[in-house]
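Notes follow the structure.
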There are 4 protein chains.
Amino acid sequence: MSKGTVVLAYSGGLDTSCILVWLKEQGYDVITFLANIGQDEDFKAAQKKAESLGAKKVFIEDLRSEFVEDFIWPTVQANAVYEDRYLLGTAVARPCIGRRQVEIARREGAQFVSHGATGKGNDQIRFELTCYALYPEVKIIAPWRIPEFYNRFRGRKDLMEYAQKHGIPVPVTPRAPWSMDANLMHIRWVGLVACFYVFQSHAPADLYQMTKNPEDSPNAPDVLEIEFRNGVPVKVTNEKEGKSKDSPLEIFSYLNEIGGNHGVGRIDIVENRFIGMKSRGIYETPGGTILLKAHLDIETFTMDKEVRRIKQGLGIKFSELVYNGFWYSPECDFVRHCIAKSQDNVEGKVQLSVFKGQVYILGRESPKSLYNEELVR
Amino acid sequence: MSKGTVVLAYSGGLDTSCILVWLKEQGYDVITFLANIGQDEDFKAAQKKAESLGAKKVFIEDLRSEFVEDFIWPTVQANAVYEDRYLLGTAVARPCIGRRQVEIARREGAQFVSHGATGKGNDQIRFELTCYALYPEVKIIAPWRIPEFYNRFRGRKDLMEYAQKHGIPVPVTPRAPWSMDANLMHIRWVGLVACFYVFQSHAPADLYQMTKNPEDSPNAPDVLEIEFRNGVPVKVTNEKEGKSKDSPLEIFSYLNEIGGNHGVGRIDIVENRFIGMKSRGIYETPGGTILLKAHLDIETFTMDKEVRRIKQGLGIKFSELVYNGFWYSPECDFVRHCIAKSQDNVEGKVQLSVFKGQVYILGRESPKSLYNEELVR
Amino acid sequence: MSKGTVVLAYSGGLDTSCILVWLKEQGYDVITFLANIGQDEDFKAAQKKAESLGAKKVFIEDLRSEFVEDFIWPTVQANAVYEDRYLLGTAVARPCIGRRQVEIARREGAQFVSHGATGKGNDQIRFELTCYALYPEVKIIAPWRIPEFYNRFRGRKDLMEYAQKHGIPVPVTPRAPWSMDANLMHIRWVGLVACFYVFQSHAPADLYQMTKNPEDSPNAPDVLEIEFRNGVPVKVTNEKEGKSKDSPLEIFSYLNEIGGNHGVGRIDIVENRFIGMKSRGIYETPGGTILLKAHLDIETFTMDKEVRRIKQGLGIKFSELVYNGFWYSPECDFVRHCIAKSQDNVEGKVQLSVFKGQVYILGRESPKSLYNEELVR
Amino acid sequence: MSKGTVVLAYSGGLDTSCILVWLKEQGYDVITFLANIGQDEDFKAAQKKAESLGAKKVFIEDLRSEFVEDFIWPTVQANAVYEDRYLLGTAVARPCIGRRQVEIARREGAQFVSHGATGKGNDQIRFELTCYALYPEVKIIAPWRIPEFYNRFRGRKDLMEYAQKHGIPVPVTPRAPWSMDANLMHIRWVGLVACFYVFQSHAPADLYQMTKNPEDSPNAPDVLEIEFRNGVPVKVTNEKEGKSKDSPLEIFSYLNEIGGNHGVGRIDIVENRFIGMKSRGIYETPGGTILLKAHLDIETFTMDKEVRRIKQGLGIKFSELVYNGFWYSPECDFVRHCIAKSQDNVEGKVQLSVFKGQVYILGRESPKSLYNEELVR
């Protein structure tokens, strides 16, 4: 008899494929769920794989538009930056994925959800806080925190053997020395082998995927105009090319394209994880970096000085909450509400150029400007 | 009979030369004071000019080392950034200049100090708050706020006529459309004519002086290692060139040279002045920008997460206080003390590359790192 | 010919009566405005007096209900306390008075407003910021800052002489050693003669008017139940007496009565004025003190812990803004909006006893309580 | 063979006596430690009891002076109040006790420490964070979180049976409906039976021990003068009685005596525990309440306004950290350092009266007052 139904966040990779089979072994019915949040993935292949491994149902869902509108846009309004540098690309994706996973679990009558996140990172926390907030009765199966699982799979070799034994397709290429978390907003790289893991070794030049090396990027800038209303972009125009985009997903994707082509948004940082340790990450956030700079400019131009100071503090709080996984919490709801309110007059156009890894603000205009030309001179 | 002695902050330019003569006309003995804080200036010519215009004494003082050590270093420790963007290069110079001006006034028995700052900007406030804090009994003569003065000199034309009449050398080149405030830390450009004054017109490419246009900067990066102790740089090394610097003034000057050569630290922003108006500024802060990024990195690497959060709030407060001119105030003393305390363990080396307007952190190491390699994996 | 029309905030006392006549002398048409915000005043006598002194129009307006609902209630929601002690009874009345004064000025086509506040206190600032915010084109006549006025009236004696000369009724009793500012929310006492002005002399026992001396107050407590919705009281019940009140003005007045009878809400403090000086005040705030304690209790009981922490910071900011006169400012609007949002679930009943100057919370209940009885044990 | 040595925080009560015996059963050598932090306890009896139950060593230590100087004084400097009401009497005692316990463990070569705190409260966290901070290698045995223990002892009845079986003296009086935590600073009462546990039932009049019922307290006030230096009291004088005290422990004890006699410091509150739940507590904090009011007064009188605002925020942070058990943490060290620095000028005398549950500030004086009598008038 089945122990119940689990909705498993499934990536198609080795780890979650093994978890799928292991959960079945433990007596669960397994539904897989794979969110398309803009990562480069063969979704069809993943579907087939999950089906062949015995998933009862397979959900592959395109969440890209809601990811931009419901999750990235509020971080733009907040100028959300964790510890002065990290733009929260992974942190902001977790509640988006978790929200849908929980919807599926409710709809399918599943009492369990499961994920393949490790037991030491932030992602497990972000994922689980989302699930508990939106589906308080749900039970979470986190194999990498269950002794029966982590004692059985002490390394990649154990996973490979298990895969071979259970007909799970095994990766033929050797494992990369970096793990990657990719979505529409960014790619995060975390070192897996000692030499990259430490803090002083430099990241290899060929690591990056979303952004060109600025040394190889175009020798002439692109000039964009971004139009904001209520603190979110409503249109982006590349004047030279005469292109413009005006849906949230298209705007963000286009900024990724331009930013990526010019090598914008690469950072190598050390950050403080929620559970007290420091970790090093390499990030590529091309579109997000452009938007942060443009939004900062139009916001300072249109917002009252003292409101801005109070809102700056709320934005820092928001960033901490999102980083720590509390997107769905009373305090984050409250802060998001306050920040959104602060954006009522954040309206206007910012011109900027993108070149060799940098974003240069060139000018701005607004019908709501608080600037009084007479007074300043 | 003399009304008393005034120490005038003298730049050698048209405005303060007219003020010098005007103060004499009003019956004051005038001592001029010109601080060398790293601006590009013909100090000898200024001295001669002041003497020829009747200054009782002329002081020209090299404050560059104390500017770096006593004023720039604390802003590095604080990660001081006003409204998320401005690195406070002008704001931090005012108390440095004012401190010496007041010392001279005390030493020379002058009851008055005077300056040529306009009546609408931040600089008059910064200057005057410094003077009152350090020399509470001093009287300040601010000609641009005195009706007898500003009604007489309603524009540049009036100053030119006055100059010609009183033997003040008159500039032969036409007036630049931008005003410039330069020191070791930065150059600030503020538009003087309508077309540049507004917010949407783009700054001309040939405006900049401290930084090369990134389009023309070298096609290969420079790689530096900066060593910090107590949150301030104690050594910078350019490994390729085998150069290294280890005195504060040399370190900062070298970072300006490298940063400037690679076009680092240009921003075009709108900021909220102390007295409620918005103003646009173009800034070049090459060395300061490199140091901000490097310090942020070593600080996050070595400081406890929760201390960092509290210190981040204090740093924002510090930036507001400095911007508003309150360097010498009980609250700024207090905040500076707290921030300095937070830097006890901020020690280590940061490697970074400087290229095409960007600073890329490459790695870091520290004897005080809180990172526990075992734990994170 | 008239210089224009002034709406003068008129109290009926010696100072503003002299100002009325003086403004007429200066060539203005004067409209007087006297707000009833709950102070003990002979409004009819004041009306007659103003008319007899030549006021063109006389407005006496009962603002008590809007004072409670629009001004006191938001301070209750905010737990507004300035510098941990002062409940802002005067600060919160100024924008209420100023709002109506400006409405009258607009309606009557007056270009000027005037007030009798001194040139060193907070009240002039609070009053004027309100006027400028709501009627930016208005011109303010502040006689106590105009040299022609304050040089003419150097002391009370000069006012008395002027009064006698111009048929202004002159007070027959000697001047009290304390000045009083009274409204529905509180009475503020500030010493006028040296011995009470200093900080160490004790306030005389017979000073107080709103509150009984706790030594003489009843020897048995009153027990009240206050019901809150959205963070404001909607009903107060005295169970023993079987009385209950449910309109804002009645609720607040009843709490004043009970609190006053039991000597609640007396404080003797030193506070930091907006313009950098310290001043001593004695305050009586009976109803406000009861509400602060009751609201704190129901809020902590029903609000999420982390929301509470963020809201606590906003409440402190709100208190500073209100104290400094910025009720009508973008930042205070913003903060008020955020605080009001935080009160969505602040609903329930608080039982308390009032006795000998103290308020004791006895218990509380709420349909929205976040308390989980199972969990805590 | 012994599993090692445990230092057990021993109260002499039923729970920790059972834990003592149970730990021995589990194979540990047990050293008991009982701190005298001012609670009313028969320390000799507790010593005998521990010895008779097989404790290898018994430590009973008088920590009262260091409790006042090292723990209470910093909370006075901070105006530490959790959630606007709770004065942290229990929170501040835990690190004091834990510090000595860890010292004993180190000195005695014990690898383990143990305590009898429940698994749902704040005290376990406060205790354990202290131990880990000061003795990172220590292992903590928390029986109430160990299934073997809590499954065996599901209620008081199981403890009683176990006690009888193992010769542990069994309390003869029935259990009180309230649990009590007493020390020099306060008594905390938490309901143990349903009717008192809920939030609306009123506390019984005979509950209190440190404070008289204000209805029965003296009908005349006591008038005290408290002298502060560096923000801590250095002398208290009762002018009428001619008594004065000037050692920290004597000062605090005397304030407890006077405050208790007048019924000062009773509160009934709901608070948010560290682990997200709300709990109700009744507190008696007589001396602490007097000191909070007196310190607030002298601090506002002597401290710069803007320093005070920054320090107020740090004090709130400090209160949260202490409540949550982080006394010994880098961030609390940092905040304590900053707060202590802010107290440099907090010096002077405060006169106050204590009467019927209230503290009334009567006046204050200071050699460091920032008040300028000339200016204010």
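Look at segment B:32-52: where a residue is at positive phi and a partner is of a type in the set (S, T, N, Q) and at pLDDT 95 or above, sitting 6+ places away or on another chain with Cβ atoms under 6 Å, you get B:Gly38/B:Asn183. Restricting B:Leu192, B:Leu207 to those that are facing another protein chain (nearest Cβ under 10 Å), touching a Phe, Trp or Tyr at 6+ places or on another chain (Cβ under 9 Å) and either farther than 20 Å from B:Phe355 by Cβ or at pLDDT 95 or above (or both) reduces the list to B:Leu192. Scan segment A:346-367 for residues that are more than 8 Å from chain B (Cβ to nearest Cβ), surrounded by fewer than 21 Cβ atoms within 10 Å (Cβ to Cβ) and touching a Leu at 6+ places or on another chain (Cβ under 9 Å) and jot them down. Hit for segment A:346-367 is A:Ser353, nothing else. Does segment A:191-199 contain at least one residue that is under 15 Å from A:Glu257 (Cβ atoms) and either assigned to a strand (DSSP E or B) or touching a Gly at 6+ places or on another chain (Cβ under 9 Å) (or both)? Looking for residues that are under 15 Å from A:Glu257 (Cβ atoms) and either assigned to a strand (DSSP E or B) or touching a Gly at 6+ places or on another chain (Cβ under 9 Å) (or both), one finds none in segment A:191-199, hence no.
Taken over segment B:80-106, the criterion of being within 14 Å of chain A (Cβ to nearest Cβ) and acidic (Asp, Glu) is satisfied by B:Glu83, B:Asp84.
If I filter segment A:164-183 for residues that are among the small types (Gly, Ala, Ser), closer than 24 Å to A:Ala35 by Cβ and assigned to a helix (DSSP H, G or I), do I get at least one hit? Within segment A:164-183 (the criterion being among the small types (Gly, Ala, Ser), closer than 24 Å to A:Ala35 by Cβ and assigned to a helix (DSSP H, G or I)), the answer is no, since none of the residues qualifies. Hey, among B:His186, B:His166, which residue is out of contact with any strand residue (DSSP E or B) (no Cβ under 9 Å at 6 or more places or on another chain), of a type outside the set (Gly, Ala, Ser) and surrounded by 12 or more Cβ atoms within 10 Å (Cβ to Cβ)? Being out of contact with any strand residue (DSSP E or B) (no Cβ under 9 Å at 6 or more places or on another chain), of a type outside the set (Gly, Ala, Ser) and surrounded by 12 or more Cβ atoms within 10 Å (Cβ to Cβ) holds for just one of B:His186, B:His166, which is B:His166. For segment D:246-279, filtering for residues that are farther than 18 Å from D:Met210 by Cβ, crowded, with 16+ Cβ neighbours inside 10 Å and modelled with pLDDT of 95 or more leaves 1.
Residues checked against (1) assigned to a loop (DSSP other than H, G, I, E, B); (2) within 23 Å of C:Gly287 (Cβ to Cβ); (3) not β-branched (Val, Ile, Thr):
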site	(1), (2), (3)
C:Ala35	no, yes, yes
C:Phe59	no, no, yes
C:Ser65	no, yes, yes
C:Ile97	no, yes, no
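Among the candidates A:Ser179, A:Ser201, the residue that is surrounded by fewer than 13 Cβ atoms within 10 Å (Cβ to Cβ), touching a strand residue (DSSP E or B) at 6+ places or on another chain (Cβ under 7 Å) and within 14 Å of chain B (Cβ to nearest Cβ) is uniquely A:Ser179. Restricting segment A:266-319 to residues that are facing another protein chain (nearest Cβ under 10 Å), within 17 Å of the chain's Cα centre (by Cα) and acidic (Asp, Glu), which is nearest to B:Arg280 (Cα to Cα)? Per the criteria, the residue is A:Asp268. In contact (Cβ under 8 Å) with a residue 40 or more places away in the chain, more than 25 Å from B:Gly27 (Cβ to Cβ) and out of contact with any helix residue (DSSP H, G or I) (no Cβ under 6 Å at 6 or more places or on another chain), is that true of B:Gly89? Yes; evaluated as a whole, the condition is true for this residue.
Within segment B:210-245, the set of residues being in a loop (DSSP other than H, G, I, E, B), surrounded by 13 or more Cβ atoms within 10 Å (Cβ to Cβ) and away from chain A (no Cβ under 13 Å) comprises B:Met210, B:Asn230, B:Gly231. Test B:Arg99 against the criterion of being of a type in the set (Lys, Arg), within 30 Å of B:Glu320 (Cα to Cα) and over 15 Å from the mean Cα position of the chain (by Cα), and give yes or no. Here the answer is no, as B:Arg99 does not meet what is asked. Consider segment B:136-155 and keep the residues that are within 22 Å of the chain's Cα centre (by Cα) and crowded, with 17+ Cβ neighbours inside 10 Å. The one that is nearest to B:Asp29 (Cα to Cα) is B:Ala142.
Of all the residues in segment A:297-314, those that are buried (at least 20 other Cβ atoms within 10 Å of the Cβ), over 11 Å from A:Ser342 (Cα atoms) and not charged (D, E, K, R) number 3. In the set (1) outside any strand (DSSP E or B); (2) in contact with a helix residue (DSSP H, G or I) (Cβ under 8 Å, 6 or more places away or on another chain), the condition left unmet by C:Gly27 is number (2). In this structure, is C:Gly109 under 21 Å from C:Asp15 (Cα atoms) and either over 15 Å from the mean Cα position of the chain (by Cα) or within 14 Å of chain D (Cβ to nearest Cβ) (or both)? Considered against the rule, which asks whether it is under 21 Å from C:Asp15 (Cα atoms) and either over 15 Å from the mean Cα position of the chain (by Cα) or within 14 Å of chain D (Cβ to nearest Cβ) (or both), C:Gly109 comes out as no. In segment D:330-344, what residues are surrounded by 20 or more Cβ atoms within 10 Å (Cβ to Cβ) and more than 7 Å from chain B (Cβ to nearest Cβ)? Scanning segment D:330-344 gives D:Cys332, D:Ile339, D:Gln343.
The values are calculated or read from the model by the stated rules, or taken from the named source; none is laboratory data. In this text the structure is predicted, and so the values were computed from the model without any measurement. Using ideal geometry, Cβ is built from the backbone for each residue, glycine included, and neighbour counts are taken over all protein chains shown.
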